[in-house]
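Engineer: Please find one structure pasted underneath; my questions will follow.
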Amino acid sequence: FVRLEEETVREDVGRVGNALDGDLEAMSSTAMDWGGWDETRSFLLGENPAYVEENLGESTLPPLRLNFMIFVDTSGRIFDAIGWDLERGRPAPIPESLKEGFPPDSPLVKHRGPEEPSRGLLVLPEGPVLIASAPVTSNDHTAPPCGAVVLGRFLTRTQIEALSERTRLSLGLYVLGGKDLPADVQQVARELSPQSGVLVRPLDSKEIAGYTLLQDMYGEPGLILRITKPRQIYAQGQATVLYSVMVLALGILAVGSMNFLLLGRVVLSRLARLKTDIEEIEQKGDPTARVAVDGRDELAALAMSVNNMLDALEKAEAVIRYQASHDAVTGLPNRRVFERRLRDTLAQARDAGTGVALLALDLDHFKMVNDTYGHAVGDRLLREIAVRLGESLRESDLACRIGGDEFAVLLPNIKKAKAAKRVAARMMEVLSRPFLLDGHEITITASIGVSLYPLDGDDPTRLLQQADAALYEAKRRGRSRWHLYAPGGKDSAHGKLVLQAELHHALKERQFLVYYQPQVNVETGRVVAVEALLRWQHPTRGLLPANKFIATVEEMGLIEPLGEWMLETACAQALKWHQEQTGGAPVRLAVNLSGREFNLERAVNRVSDALDKTGLPPELLEVEISEQTLMWNVERGIAKMHELREQGVGVTVDDFGVGSSSLIHLKLLPVGALKIDRSFIRDVARQETSKVIVEAVIAMAKALHLRIIAEGVETEEQRKFLMERGCVEMQGHLFAPPMPAEELEKVLAEQLHLLRAAGRTFDT
């Protein structure tokens, strides 16, 4: 009984250790999510000044149960940090002992690889802390680390009480050599060492305690863990022995030797069998085995107690196994399980001569959800996405969450590429339906990259790289689409790194230009507005349109400074035209704000600053905002649009028709114009669906007294169709392509000359 009691205590100490390891594992996963993110990397490289404002607020640490998050460079110097008092629920400074940073050779700074976090225990002057760190690299973990993100949670009394409640054990954590240690802990501290394991000592006849030494992440003795529990097994053993002695005594007095033989059969044989069962379970290490329970006496109660302990152990092991193989947020299998399943599936495909498809999926602009609604809603959205992925797949398929907003899907037994394409298209359709979370209607899209076995590779690493490369190409082409890997093409992680390096150089060398495309009133033939369009004068590839590089610019966190430069440049040019080329005729300037720019807290102030710096009258500026951006947060979007209108700036809904806005939303939006997406204009001459959509949009705009602009007009047939339906403002190559400011000046000067020659003003 004493030995069984001691083993139970040792197992309980192990449970607490497993719980602490589980906390560290979760912290490591969180550190990897933050470290393996392009925006964190650009922040540490000094290229993303808005990172702190957008990501490190008061809502960041509490849901993660963290006391601090520290960003350090490769020398261990602190780049930035935030702290939080979990006990009082308010901001707090980071520990004084950490303000000098970390040694450059510390495992918290120097990691063994870009996908290998470090974690452990540290005993600081402020108290013991669970700590984890991960290298700061790129989303695909191919870029060299430029620093590390370090997360910490103090083991305060509240945290220890929560741990005690989770494990249902009475426990304590004591700093080795600390003051006011309990007498029993002081005595055991002399005997504990890294080799001593768990020491078990009875405190008295009613309580027993287990002690073990917890080492810090440098291998040094750090804390003493003590658990105490009632001596139920010991008490049951005493009662059993007492009962046996009483029965034996009564038997001797009553019937002598006959009862003695009966006692040996009934009691001693059952004790022997119980002992044998326990020893067999211990030898086999099988937590599913149980001891036999006979009768309803004290021996049966003891056997049931042993089985209850085995039940608890089996459940704890099941929880640990599940957590080790599944994502904590979505419940999907994690990357470790996915890679193992991928290896097995490829081996089976080689033997059977079948194909396999691998899909890499990334949510478009998922960060806006976290920024707008908070991380709790973001996590709920990830869980809903996991459910929808499961509904769109076969039983034999496997979906997992790789990290952050990245997912991977494995499709075995794929015979043709068409089957993988159908799955990718179905997944995009399922995910594009609105999600209703906490009263918010959230719409999100996804980009998907597809690689195929054996066409694109025959090993897991190669296939994953090709799927990631195809995903990057899908994002580069404008997101919200799938892309099949093209061997020998430009879809490569190397190409992405080269493009990023070239973009950094382009910013320094001012290789970006602003082109302008006229918007024409087809009834009068006049240019009534010009849209500013970003171009890159690449030194070897020539002039590149924005869709060739803008996705990478956004990933790198460069869209804000680049967008600010473009806005100021275009406003200054528009003022010059207004003063010199248009004779006072109000030719409006249209500038597109990306979703990321519009969702900044100071988006409206940036527009005001550009107008103040350049002197452009606000009524000559129109801000174009995509329909999808407005639908992220309708209430917030309406408020910002009202601020712009109050300044006199016009607002146009861009790419109208491809989003999910309703007539109710549109009535509430303070906009002056709708711009029909070019995809509908392109097909309007040959596709009945596009005709119906364009007619409906024009009718809706008229009913709401809004201007309507058609972009992408390239043929006379399209122009005629639009004019017949009442759309008179158009933009496209049929009238003029995007051009440098110098060429557009000639167009405006010729228009002014014709007006003056006819003796007419703009108003007439």
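The values are calculated or read from the model by the stated rules, or taken from the named source; none is laboratory data. Given the structure is predicted, the values throughout are model-derived calculations rather than measurements. Ideal geometry is used to build each Cβ from the backbone, glycine not excepted, and the neighbour counts take in all protein chains shown. Keep in mind that these areas ignore ligands, DNA and RNA; they rest on the heavy atoms of the full protein, side chains included. Shrake-Rupley method; radii C 1.70, N 1.55, O 1.52, S 1.80 Å.
Engineer: Find the residue count for the stretch 210-233, including only residues that are crowded, with 18+ Cβ neighbours inside 10 Å and assigned to a helix (DSSP H, G or I).
Structural biologist: Of the residues in that region, 1 qualify.
Engineer: Which residue, of 200, 149, 188, is farther than 24 Å from residue 61 by Cβ, open to solvent by less than 30 Å² (accessible area, probe 1.4 Å), of a type in the set (Val, Ile, Thr) and not in a helix (DSSP H, G or I)?
Structural biologist: Values: 149 fails: farther than 24 Å from residue 61 by Cβ; 188 fails: not in a helix (DSSP H, G or I).
Sole residue among the options that is farther than 24 Å from residue 61 by Cβ, open to solvent by less than 30 Å² (accessible area, probe 1.4 Å), of a type in the set (Val, Ile, Thr) and not in a helix (DSSP H, G or I): 200.
Engineer: Of the conditions (1) closer than 20 Å to residue 163 by Cα; (2) among the charged types (D, E, K, R); (3) touching a helix residue (DSSP H, G or I) at 6+ places or on another chain (Cβ under 8 Å), residue 88 clears all except one; give me its number.
Structural biologist: Against the list (1) closer than 20 Å to residue 163 by Cα; (2) among the charged types (D, E, K, R); (3) touching a helix residue (DSSP H, G or I) at 6+ places or on another chain (Cβ under 8 Å), residue 88 comes up short only on (3).
Engineer: Quick one: would you say residue 596 is of a type in the set (D, E, K, R), under 26 Å from the mean Cα position of the chain (by Cα) and under 20 Å from residue 641 (Cβ atoms)? Give the derivation first.
Structural biologist: On the way: of a type in the set (D, E, K, R): yes; under 26 Å from the mean Cα position of the chain (by Cα): yes; under 20 Å from residue 641 (Cβ atoms): yes.
When the stated conditions are applied, residue 596 passes them.
Engineer: Residue 377: over 28 Å from residue 115 (Cα atoms) and either aromatic (Phe, Trp, Tyr) or in a helix (DSSP H, G or I) (or both), yes or no? Even if it seems obvious, please write down each step before you answer.
Structural biologist: Working: over 28 Å from residue 115 (Cα atoms): no; either aromatic (Phe, Trp, Tyr) or in a helix (DSSP H, G or I) (or both): yes.
Taking the combined requirement at face value, the residue does not satisfy it.
Engineer: Which residues, counting only those in the stretch 211-256, are at pLDDT 70 or above and on the phi > 0 side of the Ramachandran plot?
Structural biologist: Once the filter is applied, which keeps residues that are at pLDDT 70 or above and on the phi > 0 side of the Ramachandran plot, the stretch 211-256 yields only 219.
Engineer: Can you tell me which residue in the stretch 475-497 is surrounded by the most Cβ atoms within 10 Å (Cβ to Cβ), limited to those that are among the hydrophobic types (A, V, I, L, M, F, W, C) and modelled with pLDDT under 85?
Structural biologist: As a first pass, look at the stretch 475-497 and keep what is among the hydrophobic types (A, V, I, L, M, F, W, C): 482, 484, 486, 493, 497.
Still in the list and also modelled with pLDDT under 85: 486, 493, 497.
Details: 486: 13, 493: 17, 497: 14.
Taking the candidates together, the pick is 493.
Engineer: Residues that are of a type in the set (A, V, I, L, M), open to solvent by 60 Å² or more (accessible area, probe 1.4 Å) and not in a helix (DSSP H, G or I): does the stretch 327-336 have at least one?
Structural biologist: yes
Engineer: Considering only the stretch 129-145, how many residues are open to solvent by 20 Å² or more (accessible area, probe 1.4 Å), in contact (Cβ under 8 Å) with a residue 40 or more places away in the chain and not hydroxyl-bearing (Ser, Thr, Tyr)?
Structural biologist: Initial filter on the stretch 129-145 (open to solvent by 20 Å² or more (accessible area, probe 1.4 Å)): 139-142, 144-145.
From what is left, the residues that are in contact (Cβ under 8 Å) with a residue 40 or more places away in the chain are 139-142, 145.
Pick out the ones that are also not hydroxyl-bearing (Ser, Thr, Tyr) and you get 139-141, 145.
Final tally of qualifying residues: 4.
Engineer: Let me ask another. Would you check if residue 142 is assigned to a loop (DSSP other than H, G, I, E, B) and among the β-branched types (Val, Ile, Thr)? First the steps, then the outcome.
Structural biologist: Values: assigned to a loop (DSSP other than H, G, I, E, B): yes; among the β-branched types (Val, Ile, Thr): yes.
Yes: the conditions hold for residue 142.
Engineer: Let me ask another. Can you run down the residue pairs with Cβ atoms below 9 Å, 6 or more apart or on separate chains, where the first is in the stretch 445-459 and in contact (Cβ under 8 Å) with a residue 40 or more places away in the chain and acidic (Asp, Glu) and the partner is open to solvent by less than 20 Å² (accessible area, probe 1.4 Å) and not in a strand (DSSP E or B)?
Structural biologist: 458/346; 459/346
Engineer: I would also like to ask the following. Filtering the stretch 106-121 down to residues that are open to solvent by 50 Å² or more (accessible area, probe 1.4 Å) and at pLDDT 90 or above, which residue is nearest to residue 30 (Cα to Cα)?
Structural biologist: Checking each candidate, the answer is 119.
Engineer: I'm told residue 634 meets every condition in (1) out of contact with any Pro (no Cβ under 7 Å at 6 or more places or on another chain); (2) at pLDDT 85 or above; (3) within 15 Å of residue 598 (Cβ to Cβ) except one. Can you identify the failing condition by its number?
Structural biologist: Among (1) out of contact with any Pro (no Cβ under 7 Å at 6 or more places or on another chain); (2) at pLDDT 85 or above; (3) within 15 Å of residue 598 (Cβ to Cβ), residue 634 violates only (2).
Engineer: Can you tell me which residue among 372, 345 is touching a strand residue (DSSP E or B) at 6+ places or on another chain (Cβ under 8 Å) and either basic (Lys, Arg) or open to solvent by less than 70 Å² (accessible area, probe 1.4 Å) (or both)? Walk me through how you get there before you give the answer.
Structural biologist: Numbers: 372 fails: touching a strand residue (DSSP E or B) at 6+ places or on another chain (Cβ under 8 Å).
Every option except 345 fails the conditions.
Engineer: Here's another thing I want to ask about it. Checking residue 616 against (1) outside any loop (DSSP other than H, G, I, E, B); (2) farther than 29 Å from residue 39 by Cβ: exactly one of these is not met. Which one?
Structural biologist: The failed condition is (1).
Engineer: Also, quick follow-up: Does the stretch 597-618 contain at least one residue that is under 23 Å from residue 49 (Cα atoms), hydroxyl-bearing (Ser, Thr, Tyr) and either surrounded by fewer than 21 Cβ atoms within 10 Å (Cβ to Cβ) or touching a residue at least 40 places away in the same chain (Cβ under 8 Å) (or both)?
Structural biologist: Let us first name the residues in the stretch 597-618 that are under 23 Å from residue 49 (Cα atoms), namely 597-613.
Adding the requirement that they be hydroxyl-bearing (Ser, Thr, Tyr) leaves 608.
Subset that is either surrounded by fewer than 21 Cβ atoms within 10 Å (Cβ to Cβ) or touching a residue at least 40 places away in the same chain (Cβ under 8 Å) (or both): 608.
Yes, the stretch 597-618 contains at least one residue that is under 23 Å from residue 49 (Cα atoms), hydroxyl-bearing (Ser, Thr, Tyr) and either surrounded by fewer than 21 Cβ atoms within 10 Å (Cβ to Cβ) or touching a residue at least 40 places away in the same chain (Cβ under 8 Å) (or both).
Engineer: Return yes when residue 163 is in contact with a helix residue (DSSP H, G or I) (Cβ under 8 Å, 6 or more places away or on another chain), open to solvent by less than 40 Å² (accessible area, probe 1.4 Å) and assigned to a helix (DSSP H, G or I) and no when it is not. It would help to see each step written out before you state the result.
Structural biologist: On the way: in contact with a helix residue (DSSP H, G or I) (Cβ under 8 Å, 6 or more places away or on another chain): yes; open to solvent by less than 40 Å² (accessible area, probe 1.4 Å): yes; assigned to a helix (DSSP H, G or I): yes.
So residue 163 passes the test.
Yes/no per residue for (1) surrounded by fewer than 17 Cβ atoms within 10 Å (Cβ to Cβ); (2) closer than 27 Å to residue 727 by Cβ:
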residue	(1), (2)
509	yes, no
512	no, no
522	no, yes
541	yes, no
545	yes, yes
555	no, no
571	no, no
576	yes, no
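Engineer: Taking into account only those residues within the stretch 706-723 that are out of contact with any Asp or Glu (no Cβ under 9 Å at 6 or more places or on another chain), assigned to a helix (DSSP H, G or I) and under 16 Å from residue 525 (Cα atoms), which is least open to solvent (accessible area, probe 1.4 Å)?
Structural biologist: 722
Engineer: Also, quick follow-up: Taking the criterion of being modelled with pLDDT of 85 or more, more than 30 Å from residue 566 (Cα to Cα) and surrounded by 15 or more Cβ atoms within 10 Å (Cβ to Cβ), would at least one residue in the stretch 740-752 satisfy it? Don't jump to the end; show me each part of the working.
Structural biologist: Taking the stretch 740-752 and keeping what is modelled with pLDDT of 85 or more, we get 740-746.
Then keep just the ones that are more than 30 Å from residue 566 (Cα to Cα); that gives none.
Checked the stretch 740-752: no residue is modelled with pLDDT of 85 or more, more than 30 Å from residue 566 (Cα to Cα) and surrounded by 15 or more Cβ atoms within 10 Å (Cβ to Cβ).
Engineer: For the stretch 354-362, indicate whether the set of residues that are within 14 Å of the chain's Cα centre (by Cα) and either modelled with pLDDT of 85 or more or under 17 Å from residue 452 (Cβ atoms) (or both) is non-empty.
Structural biologist: Going through the stretch 354-362, the residues within 14 Å of the chain's Cα centre (by Cα) turn out to be 361-362.
From the residues that got through so far, the ones that are either modelled with pLDDT of 85 or more or under 17 Å from residue 452 (Cβ atoms) (or both) too are 361-362.
For the stretch 354-362, residues within 14 Å of the chain's Cα centre (by Cα) and either modelled with pLDDT of 85 or more or under 17 Å from residue 452 (Cβ atoms) (or both): present.
Engineer: Let me ask you something else. I need every pair where a residue in the stretch 465-487 that is in a helix (DSSP H, G or I) has its Cβ under 8 Å from the Cβ of a residue that is of a type in the set (Lys, Arg) and at pLDDT 85 or above, sequence separation at least 6 or different chains.
Structural biologist: 474/481
Engineer: Identify all residues within the stretch 448-474 that are at pLDDT 85 or above and either on the phi > 0 side of the Ramachandran plot or of a type in the set (A, V, I, L, M) (or both); write none if there are none.
Structural biologist: Scanning the stretch 448-474 gives 448, 450, 452, 455, 463, 464, 467, 469, 470, 471, 474.
Engineer: Only residues that are over 21 Å from the mean Cα position of the chain (by Cα) and among the hydrophobic types (A, V, I, L, M, F, W, C): list them for the stretch 418-454, please.
Structural biologist: Selection gives 419, 420, 423, 425, 452.
Engineer: Checking the structure you have, find out if any residue of the stretch 13-28 is among the β-branched types (Val, Ile, Thr), over 20 Å from the mean Cα position of the chain (by Cα), over 12 Å from residue 150 (Cβ atoms) and assigned to a loop (DSSP other than H, G, I, E, B). Don't jump to the end; show me each part of the working.
Structural biologist: So in the stretch 13-28, the residues among the β-branched types (Val, Ile, Thr) come out as 13, 16.
Among the residues that remain, those that are also over 20 Å from the mean Cα position of the chain (by Cα) are: 13, 16.
Filter once more, so that each one left must be over 12 Å from residue 150 (Cβ atoms): 13, 16.
This time we only want the ones that are assigned to a loop (DSSP other than H, G, I, E, B), so: none.
No, because not a single residue in the stretch 13-28 is among the β-branched types (Val, Ile, Thr), over 20 Å from the mean Cα position of the chain (by Cα), over 12 Å from residue 150 (Cβ atoms) and assigned to a loop (DSSP other than H, G, I, E, B).
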